[in-house]
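Each reported figure results from applying straightforward, stated rules to the coordinates on display, with no laboratory input. What you see is a predicted model; the values in this text were computed from it and never measured. No Cβ is skipped: glycine too gets one built from the backbone with ideal geometry, and neighbour counts run over all protein chains shown.
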Amino acid sequence: MIIRKRLAAGVCGLLATLAIGLLPTPAAAGEPDAKPAPKVELVLDVSGSMRARDLDGRSRMAAAKTAFNEVLDAVPDEVQLGIRTLGANYPGQDRKVGCKDTKLLYPVGPLDRTEAKTAVGTLAPTGWTPIGPALLGAADDLKGGDATRRIVLITDGEDTCQPLDPCEVARDIAAKGIHLTVDTLGLLPDDKTRKQLSCIAEATGGTYTSVQHTDQLRDRVHQLVDRAADPVVTPVATRGAQECSTAPELKPGLYNDREKFAEHRWYRVGVRPGQELRASVSIGADRAVDNDYGVLLRAVSTHGREIVRGSEAGDGRTDVVSTGLRYPLPDADAPDGGGEPPAQMICLQVSNSFSAPASVKRDPGLPVELAVDVVDAPHDAADPASFGLGRGWWLLITLALAGLVGGLVWGWISRWRISVWRTN
């Protein structure tokens, strides 16, 4: 899924804030860190089609090399990284030989940046596109141990080595229960490539990104490598309801769901006085959709009053759209019998405005990822009444009054200066 810089920065900032309440407590000072080193393998398409010069005026291969070099400079020290190629060595027409053309270019382990860059620098677009065999090889490269494992596949076209279906390969990898995630990135993909790469990613719980520019490729690969170094939070499957009263009650955590085009789904979260609700939602366009779409996340009281909302729009240049909100609930007096004040139930509504041509399948719905956290509210938390439309109206009234007073004062000063000038 491609993310523009502005969208990527906003989503990363919001999720980093939410992660404070979601991640495990670090080990105490002086205790040994027993966490195994995460493993990442970058799988790069070096087939003949990578010669095309249509990525920011450069060849796709040159753009990939530039992105790789910058990513290698920023790989966290704790990450063990490897690089595998597909279609890099056999230039002939023998299909059987071409469909075995996948090679481990740099073994998975502690990163020697100079050595890895040198290996990537020698690559030249050559042969076929054996995605299925490359995935099998990468899974074998990463086998063993309990570390986080992630494959990042970068290609500009669909597999040319059927009947070994790479989507079935991905499903087989997922069925082994080895917790290996495959993220896919398509360079200027057509519809067939997009469909295949989306299927591979979905089968393993990964993400698909459509790449149109070199900086987008660099940023996305960098983000995925960094993600491997973070503790993994596995989304919990849930199903939103058609109305708040029957919605599932969510605890702090990460959830996934499916939502049809232009659908609304409801969830509930309990928030106690003195706490702050933080929520974000991302909806992915995992199929061809019409341009111009959006996502809305609303916090609503059980009586139907809107408290606060977050919204974001897209225009077809990204495959994921995200938004979030925060709602602090001020402290309240303890009940007469003592104990904590009861939790207030907040309803979360997730809506989308996606549409698509009639030929596009509606089922299953679009993938939804919802992050929910409840933390201690800041000491200066505003009153709940200040959230939502009320705060907006007061701001508009204040600005209007300030403009009126400023205009009157400026007019009076101007007339006074003119009268003084005429007198002199």
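The table that follows gives values for the structure above.
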{"quantity": "Cα gyration tensor, the range 236-385 - rounded (a/c under 1.5), prolate or oblate", "calculated": "prolate"}
{"quantity": "Rg(Cα) / (2.2 N^0.38 Å) computed for the range 35-229, rounded to two decimals", "calculated": "0.92"}
{"quantity": "Per DSSP, loop trypsin sites (Lys or Arg not before Pro) in the range 104-160 with at most 14 further Cβ within 10 Å", "calculated": "Lys143"}
{"quantity": "Under Karplus coefficients 6.51, -1.76 and 1.60, residue-wise ³J(HN,Hα) of the range 401-418 in Hz, glycine/proline x", "calculated": "5, 4, x, 5, 5, x, x, 5, 5, 5, x, 5, 5, 5, 5, 5, 5, 5"}
{"quantity": "Electrostatic dipole magnitude of the range 43-108 [Cβ: Lys, Arg +1; Asp, Glu -1; Cα centre; debye, to 20]", "calculated": "500 debye"}
{"quantity": "Extended-chain gain in nm, criterion 0.36 nm per residue less alpha-carbon gap, Ala343 and Val97", "calculated": "82.1 nm"}
{"quantity": "Sites Arg239 and Val405 - FRET efficiency at Förster radius 41 Å, r taken between beta-carbons, to 0.05", "calculated": "0.15"}
{"quantity": "Net charge of Cβ neighbours under 12 Å - reference Val108; Lys, Arg +1; Asp, Glu -1", "calculated": "+2"}
{"quantity": "Full-stretch length increase - Thr302, Glu168 - with 0.36 nm per residue and alpha-carbon distance subtracted", "calculated": "43.8 nm"}
{"quantity": "Leu55 long-range amide H proximity, modeled H, under 5 Å", "calculated": "Arg60"}
{"quantity": "Long pairs among Lys65/Lys260; Lys100/Lys260; Lys96/Lys195, criterion Cα-Cα beyond 32 Å", "calculated": "Lys65/Lys260; Lys100/Lys260"}
{"quantity": "Amide proton proximity set for Ala377, modelled H, under 5 Å, gap of 5+", "calculated": "Gln275, Glu276"}
